[in-house]
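Worksheet: one structure, shown below.
The values are calculated or read from the model by the stated rules, or taken from the named source; none is laboratory data. This one's a predicted model, so the numbers in the text were calculated from it and none came from an experiment. For neighbour counting, all protein chains shown are included, and Cβ atoms are generated from backbone atoms with ideal geometry for every residue, glycine included. Protein only, heavy atoms only, side chains kept; ligands, DNA and RNA dropped before computing areas. Shrake-Rupley method; radii C 1.70, N 1.55, O 1.52, S 1.80 Å.
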Amino acid sequence: MTRRVGATFGVIRFSLTELAARAAAAQTPGPRRAPGSHAAAEAIAARAVFEARAADELEYFAPVAALPGFPKALARTTYELRLGQVVPNRLEAAGEAGADLTRLLARISEQRVRAGVDDRAALFVQASRAWSAGHVRWAGLPVVLLDVTIDSRAERDFIAAIAAAAPEVLATVP
């Protein structure tokens, strides 16, 4: 581009997560939700475990659900499942563990809605929608993605939305 036009102007650099956050913020209608931290995810998981134990819903995880590390492990598992865009009802086929996870994920989702908090997976989903709908001011411009690591399906879908809207894309992926 520099060789062709002689100069560059208007080049903007972002990390993939920062770009997703800016794109998600451009999404028009709907309630605004706060981005959640790992500590918030652990607190939400702890609340979900507490409620599931109180309702006697857990079978497979019942012996370990009261242990102090369980909410942290559940929060991490939830994070990975959501970034991988695993549909909770598909987990039911994994036996007792999958059934317990499905119930816990439903409770975690309910807690997120109540708290008005989103996680990184939701950020990428919202960003993909905003980019595809043309709500992002950079949609339709050439894009250079340098050394972008793609660690999840949610990130891959966001990059696909960016590429689909761009007239030209140059990407390097480690």
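Suppose every K and R has +1 on its Cβ and every D and E has -1 on its Cβ; what is the size of the dipole of region 22-75 about the Cα centre, in Debye to the nearest 20? Kindly include the intermediate steps, with their values, before the conclusion.
Values: 6 positive and 5 negative charges, 94 e Å.
Charge dipole, region 22-75, about its Cα centre: 460 debye, nearest 20.
Given H placed 1.01 Å from N in the peptide plane, which residues other than close sequence neighbours of Ala171 have an amide H under 5 Å from its amide H?
When sequence neighbours closer than 5 places are left aside, the close amide H contacts are Leu145.
As a test of reading the structure, rank Leu170, Leu123 by solvent-accessible area (1.4 Å probe, protein chains only), most first.
Leu170, Leu123
Where the convex hull is taken over the Cα atoms of region 64-158, what is its projected area averaged over directions, in nm²?
Values: hull surface 32.6 nm².
Convex hull of Cα atoms, orientation-averaged projection: 8.1 nm².
With label points built 7 Å along Cα→Cβ from the Cα atoms of Val173 and Lys72, find their separation and express it in nm.
3.3
Give me the Å³ per residue figure for the convex hull around the C-alpha atoms of region 46-113.
Given the Cα convex hull of region 46-113, per-residue volume reads 78 Å³.
Can you work out the FRET efficiency for the pair Val86 and Asp56, with r the C-beta to C-beta distance and R0 = 25 Å, to the nearest 0.05?
Values: r = 26 Å, r/R0 = 1.02.
E between Val86 and Asp56, to the nearest 0.05, is 0.45.
Please report the spacing between the Cα centers of region 38-81 and region 112-174 in Å, no decimals.
Taking the Cα centre of each part, region 38-81 and region 112-174 sit 30 Å apart.
Helix 70-83 against the longest principal axis of the chain: what's the angle in degrees, Cα atoms only, rounded to the nearest 10?
40
Tell me, what ³J(HN,Hα) does each residue in region 104-120 have, in order and in whole Hz, if you take phi through Karplus 6.51 cos²θ - 1.76 cosθ + 1.60 with θ = phi - 60° and put x for Gly and Pro?
5, 5, 5, 5, 5, 4, 4, 5, 4, 5, 4, 7, x, 10, 10, 9, 4
Within the chain, which is the longest segment containing none of the chymotrypsin sites (Phe, Trp or Tyr not before Pro) that sit in a DSSP loop and have at most 12 other Cβ atoms within 10 Å?
After excluding every exposed loop site, the longest remaining stretch is 15-174.
Taking +1 at the Cβ of each Lys and Arg and -1 at the Cβ of each Asp and Glu, which of Leu101, Leu91, Ala48 sits farthest along the dipole of region 31-119 towards its positive end, judged by Cα position relative to the Cα centre?
Value: Ala48.
How long are the semi-axes of the equivalent ellipsoid of the chain, taking √(5λ) for every eigenvalue λ of the Cα gyration tensor, in whole Å from largest down?
Value: 38, 16, 13 Å, ordered largest first.
Taking a ≥ b ≥ c as the square roots of the Cα gyration tensor eigenvalues, with a/c under 1.5 meaning rounded and otherwise prolate when a/b beats b/c, else oblate, which class fits region 37-84?
It is prolate, given that a/c is not under 1.5 and a/b is the larger ratio.
So, with +1 on the Cβ of K and R and -1 on the Cβ of D and E, and no other charges, what is the size of the charge dipole of the chain about its Cα centre, to the nearest 20 debye?
Dipole size: approximately 760 debye.
Could you check the spin-label model distance between Arg22 and Glu110? Points 7 Å from the Cα along Cα→Cβ, value in nm.
That separation, rounded to one decimal, is 3.9 nm.
Would you mind computing, in nm to one decimal, how far apart the modelled labels at Ala93 and Arg137 are, each placed 7 Å from Cα along Cα→Cβ?
With each label point 7 Å from Cα toward Cβ, the separation is 4.5 nm.
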